[in-house]
Each structure stands twice: as structure tokens, then as C-alpha cells.
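Engineer: First, the structure itself, so that you have it in front of you.
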Amino acid sequence: MAGKNMKKLFFIILLFSIFNSGCNTTSQALPKEKPGDFNFSLKYGIAAANELNTYENTYTKDMIIAENETIEFVLSEEEKKNIYDEFRNLDVLSLPEEEGGTTCQEPHNRYVLQMTAAGEEYHLRWNSACETRAINRWERFMEELHAETIRTREEYQALPEPEGGYE
């Protein structure tokens, strides 16, 4: 009897290992605590022309038909920690890669994320063309980040309004 139970247990462990071996979620890949080398460049928007860049401490605003405006933009360590925690909570490494073909919605936001964390370099691209639970959660995070961290800064408010629009 014990031999049958051991075989069942071994089989269950084997199946669990097989099904989880292909998973690479952010919470598994990224350390729980923000590493000291954490930095990122996050491009976003319709043309992915807005950019929050902690490598260079800059923010670039998409001016649509005019030349984009770049300003000095330094995040506090607390802001970087909060963003790191959100990247980890949102499982950013599992967001679907951008694919060609038809889209569900035009225009849509595009994202390009270059990130360094714990000595690892990540280069990711995705868009919000088709709604998924993960994309919807990401979009809510981006709205909060833009509203609470970016737009509230005096340096951002001093930038001119964009000219033109996207169709």
C-alpha cells in the first residue's frame, strides 16, 4: 500500500514540476525587495513616445506633431520602490509580447520596457489592443502613475501642450 501512495505522490510531484517549469512570472523572477540596481526606461502611449527613464533621470513628453520635449525628472527612492513593487505585483514579465496582425482596438497604447533588476536586463514590448485582465490592470497602474507621479510635478506642468492628435 505504501508503495502505491509513494508512486502517486511521485507522479503528482512530477506533473507539478512539468506544468510549472515553463512559468516565468515576475514574482518568481524578480526579488521580493527592490534591488539596488533597479532602473527602467518605460516608453508608452499611442506611439510609445512618452518615456519615464530612471537610467537618465528624464521624462519625455509626446508632442505628437511637434518635436518631443525631454526634461530632467528624478524619482525618489520611495517612488522607485513603489513602481518596482507594482511591476512585481502586476507580473510585468508575463504581459503578452507585442504581435503583428489584426488588433482589437485602434488606436491603442504601446509599451516598451527596458529594466535592470538584480543584475538582469529585461526588454519587453506589449500593447493594449485587446483587453485582458492583465492588460486592464496594467492600464489602471499607468493611469495612476501618470496622474499621481508624473502630472503632479512642476517640471511636467511647465511643458507645453501637444499639438495635433492621433486618429
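Engineer: If Gln114 satisfies all but one of (1) open to solvent by less than 50 Å² (accessible area, probe 1.4 Å); (2) in contact with a strand residue (DSSP E or B) (Cβ under 6 Å, 6 or more places away or on another chain); (3) modelled with pLDDT of 90 or more, what's the number of the condition it fails?
Structural biologist: (1)
Engineer: So if I check each of Glu120, Glu167, Glu131, which one is charged (D, E, K, R) and either loosely packed, with under 11 Cβ neighbours inside 10 Å or under 14 Å from the mean Cα position of the chain (by Cα) (or both)? Outline the logic, then answer.
Structural biologist: Numbers: Glu120 fails: either loosely packed, with under 11 Cβ neighbours inside 10 Å or under 14 Å from the mean Cα position of the chain (by Cα) (or both); Glu131 fails: either loosely packed, with under 11 Cβ neighbours inside 10 Å or under 14 Å from the mean Cα position of the chain (by Cα) (or both).
Of Glu120, Glu167, Glu131, the one residue that is charged (D, E, K, R) and either loosely packed, with under 11 Cβ neighbours inside 10 Å or under 14 Å from the mean Cα position of the chain (by Cα) (or both) is Glu167.
Engineer: For Thr116, only one of the following conditions fails: (1) over 30 Å from Glu33 (Cα atoms); (2) touching an Asp or Glu at 6+ places or on another chain (Cβ under 6 Å); (3) not charged (D, E, K, R). What is its number?
Structural biologist: (1)
Engineer: Checking the structure you have, find out if any residue of the stretch 97-117 is in contact with a Gly (Cβ under 7 Å, 6 or more places away or on another chain) and at positive phi.
Structural biologist: Scanning the stretch 97-117, I find no residue that is in contact with a Gly (Cβ under 7 Å, 6 or more places away or on another chain) and at positive phi, so the answer is no.
Engineer: What residue, among those in the stretch 38-89 that are within 15 Å of the chain's Cα centre (by Cα) and among the β-branched types (Val, Ile, Thr), is farthest from Met142 (Cα to Cα)?
Structural biologist: If we take residues in the stretch 38-89 being within 15 Å of the chain's Cα centre (by Cα) and among the β-branched types (Val, Ile, Thr), then Thr54 is farthest from Met142 (Cα to Cα).
Engineer: Still on this structure, I have one more. Please list, ordered by first then second residue, the pairs with beta carbon atoms under 9 Å, 6 or more apart or interchain, first in the stretch 144-166 and among the small types (Gly, Ala, Ser), second surrounded by 12 or more Cβ atoms within 10 Å (Cβ to Cβ).
Structural biologist: Taking only residues 6 or more apart or on different chains, the pairs are Ala158/Ile71; Gly164/Met63; Gly164/Ile64; Gly164/Ala66; Gly165/Ile64.
The values are calculated or read from the model by the stated rules, or taken from the named source; none is laboratory data. All values derive from a computational prediction rather than experimental measurement. Glycine also receives a Cβ, built like all others from the backbone with ideal geometry; neighbour counts cover every protein chain displayed. The accessibility values were calculated without ligands, DNA or RNA, using every heavy atom of the protein model including side chains. Shrake-Rupley method; radii C 1.70, N 1.55, O 1.52, S 1.80 Å.
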